[in-house]
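Novice: Take this structure first; my questions come after.
The values are calculated or read from the model by the stated rules, or taken from the named source; none is laboratory data. Bear in mind that the values here come from a model prediction, so they are computed numbers and not experimental data. When we count neighbours, we look across all protein chains shown, and the Cβ atoms used for this are built from the backbone with ideal geometry, even at glycine.
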Amino acid sequence: MATHTLHNDQGETWFITFTCYNWIPLFEITQSYNILYGWLKFIAERYQVQTHAFVLMPNHVHLIHKMPDTEVDLNKIISNGKRFMAYELVKKPTELGKTDILDQLSAACTEKEKAKGQKHKVFEPSFDAKPIYSTAFLHQKLDYIHHNPVSGRWSLCNDFTKYPYSSATFYYSARLHESIPITDYRDFWTDMNHVKPVGF
């Protein structure tokens, strides 16, 4: 995952992943799942970045975003989003008195980062962004995102379509998400209209 890779193709669709520092389950520890919702709503309104799919796990996030047909810098959007969420994720442990977590995040900062004013390392510095150019790859990533809560070592629910922190219910039960404006990918991938999501 290259920190300085440019991701600025206009109108492209991206599969994006970013992770909490050292895979610490900060979203779960702080019960701060709504932080992601606020950020996704903000970038939809401010930059017209559309969310096709998402899953918020205890320690990482997967997204499928469609960028607008304007010069919007994906690197800047993700970096600013991580900075905003980091502030909130540090504030919660402070309020809850979870000093052990704060000490761990503080110790992870390098001297150079501390000199710049950074007090806690909340996310891994880089993020992963893969452009989606084919329907097969899009289907694969949709399937991966929606099954993530029940895959591998995860056992966050019995039925992935009912996991509350993902877009699965939107696609599999045709129900709007109460907190995030999800844009149906089939409205843009016209050759996929009327095609049901993988696993339907």
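Novice: Hey, any hits in region 78-95 for a residue that's free of Cβ contacts under 8 Å to residues at least 12 places away in the same chain, farther than 22 Å from Leu26 by Cβ and either surrounded by fewer than 16 Cβ atoms within 10 Å (Cβ to Cβ) or more than 21 Å from the chain's Cα centre (by Cα) (or both)?
Specialist: No, because not a single residue in region 78-95 is free of Cβ contacts under 8 Å to residues at least 12 places away in the same chain, farther than 22 Å from Leu26 by Cβ and either surrounded by fewer than 16 Cβ atoms within 10 Å (Cβ to Cβ) or more than 21 Å from the chain's Cα centre (by Cα) (or both).
Novice: Assuming Cys20 fulfils every condition listed in (1) within 14 Å of the chain's Cα centre (by Cα); (2) modelled with pLDDT under 95; (3) not basic (Lys, Arg) apart from one, which condition is it?
Specialist: (2)
Novice: Kindly state which helices (runs of 4 or more DSSP H) lie completely within region 1-116 and contain at least 2 residues that are touching a helix residue (DSSP H, G or I) at 6+ places or on another chain (Cβ under 8 Å).
Specialist: Per the criteria, 26-30, 34-47, 74-96, 99-107.
Novice: To continue, here is another question. Select, from Tyr21, Tyr47, the only residue that is surrounded by fewer than 18 Cβ atoms within 10 Å (Cβ to Cβ) and either over 15 Å from Tyr163 (Cβ atoms) or of a type outside the set (A, V, I, L, M) (or both).
Specialist: Answer to the check: Tyr47.
Novice: Okay, next question. Of these, Lys130, Lys121, which one is surrounded by 12 or more Cβ atoms within 10 Å (Cβ to Cβ), farther than 20 Å from Phe15 by Cα and at pLDDT 90 or above?
Specialist: Result: Lys121 is the single residue among Lys130, Lys121 that is surrounded by 12 or more Cβ atoms within 10 Å (Cβ to Cβ), farther than 20 Å from Phe15 by Cα and at pLDDT 90 or above.
Novice: Criterion first (under 17 Å from Ile180 (Cα atoms), under 16 Å from the mean Cα position of the chain (by Cα) and buried (at least 19 other Cβ atoms within 10 Å of the Cβ)) does Phe54 satisfy it?
Specialist: yes
Novice: I'd like the full set of residues that are free of Cβ contacts under 8 Å to residues at least 24 places away in the same chain and part of a loop (DSSP other than H, G, I, E, B), limited to region 129-163.
Specialist: Matches in region 129-163: Tyr133, Ser134, Ser151, Gly152, Arg153, Ser155, Cys157, Asn158, Asp159.
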